[in-house]
Amino acid sequence: MTGARFLDLATGGALVLLTLALVLTIVRIARGPSLPDRVLGLDLLTTLATGFIGVFAVRTGFTLYVDIAIALCLVAFLTTVALARYIVMREGKAPAPDKERKGRAQ
Amino acid sequence: MISEILLYACGMLLLAGAAFGLLAALGMLRLPDLYSRMHAASKAGIVGAGLIFVGIAVVCQDGAVILRAMIGILFLVLTTPVSAHLLARAAYLAGHRPSELTVLNEMEDNTHIGP
């Protein structure tokens, strides 16, 4: 097997694995019991999409895709920070009293 | 000869990165609570995308592309821990507690921490 043929097969396999990973992450986002779970799922989704774009760059030979992957990393970071602030602002002021917390207050 | 070996190395790196991405997603699906899921998602996610960037740098013998791949890895390593920490802190402040299986919660007594 020549190197080019192996690389072709390897990029195909990597794309399949990453597609499976994206589907599993989407299942978690749909099922996720709380908002932070979904935010974490979106963060992983963009990281996986970065990898997907990278594999695609190797497969097609257009190295311009690497720039897009880096830009997607930046967007993912900013999104997670903004959503974390939102979670604190929405729920942090009046935290739902857990069983644990009630026990300590008494 | 050398370029042939580099093609094989790049293929292996891409497959390894994709496998780590799949492991991250599997951990995301299977682990019991938000904090342990964060453990899987941030660490294995970084390794997956980072190995793919290394694969790009190996196969394109071009200085600009190698530099971009290195910038991508640096950016991932800098930002992902920060965002995971911010999200964990926000979730804890918002009242989400670790699952019953957690053995050690060092934040338990820090009631003075505010947003």
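Please give the number of the condition residue B:89 fails out of (1) closer than 22 Å to residue A:29 by Cα; (2) outside any helix (DSSP H, G or I).
Unmet for residue B:89, out of (1) closer than 22 Å to residue A:29 by Cα; (2) outside any helix (DSSP H, G or I): (2).
Considering only the range A:27-44, how many residues are closer than 23 Å to residue A:71 by Cα and either within 8 Å of chain B (Cβ to nearest Cβ) or modelled with pLDDT of 95 or more (or both)?
Final tally of qualifying residues: 5.
Could you please find all residues in the range B:44-89 being buried (at least 17 other Cβ atoms within 10 Å of the Cβ) and charged (D, E, K, R)?
B:68, B:89
Quick one: which residue in B:99, B:42 is of a type in the set (Ser, Thr, Tyr) and either assigned to a helix (DSSP H, G or I) or touching a Gly at 6+ places or on another chain (Cβ under 6 Å) (or both)?
B:42
How many residues, within the range A:49-74, are touching a Ser or Thr at 6+ places or on another chain (Cβ under 7 Å) and either over 17 Å from residue A:10 (Cα atoms) or aromatic (Phe, Trp, Tyr) (or both)?
3
I need the full set of residues from the range A:7-26 which are under 12 Å from the mean Cα position of the chain (by Cα) and at the interface with chain B (Cβ under 7 Å from one of its Cβ atoms), in order please. Break it down stepwise before answering.
The first filter runs over the range A:7-26 and keeps only residues under 12 Å from the mean Cα position of the chain (by Cα), leaving A:18, A:21-26.
Result: A:18, A:21, A:24, A:25.
In the range B:13-27, what residues are touching a residue at least 40 places away in the same chain (Cβ under 8 Å) and more than 7 Å from chain A (Cβ to nearest Cβ)?
From the range B:13-27, those touching a residue at least 40 places away in the same chain (Cβ under 8 Å) are B:13-14; that's our starting set.
Listed by number, the list holds a single entry, B:13.
The values are calculated or read from the model by the stated rules, or taken from the named source; none is laboratory data. Quantities reported herein were computed from a predicted structural model and do not represent experimental measurements. When we count neighbours, we look across all protein chains shown, and the Cβ atoms used for this are built from the backbone with ideal geometry, even at glycine.
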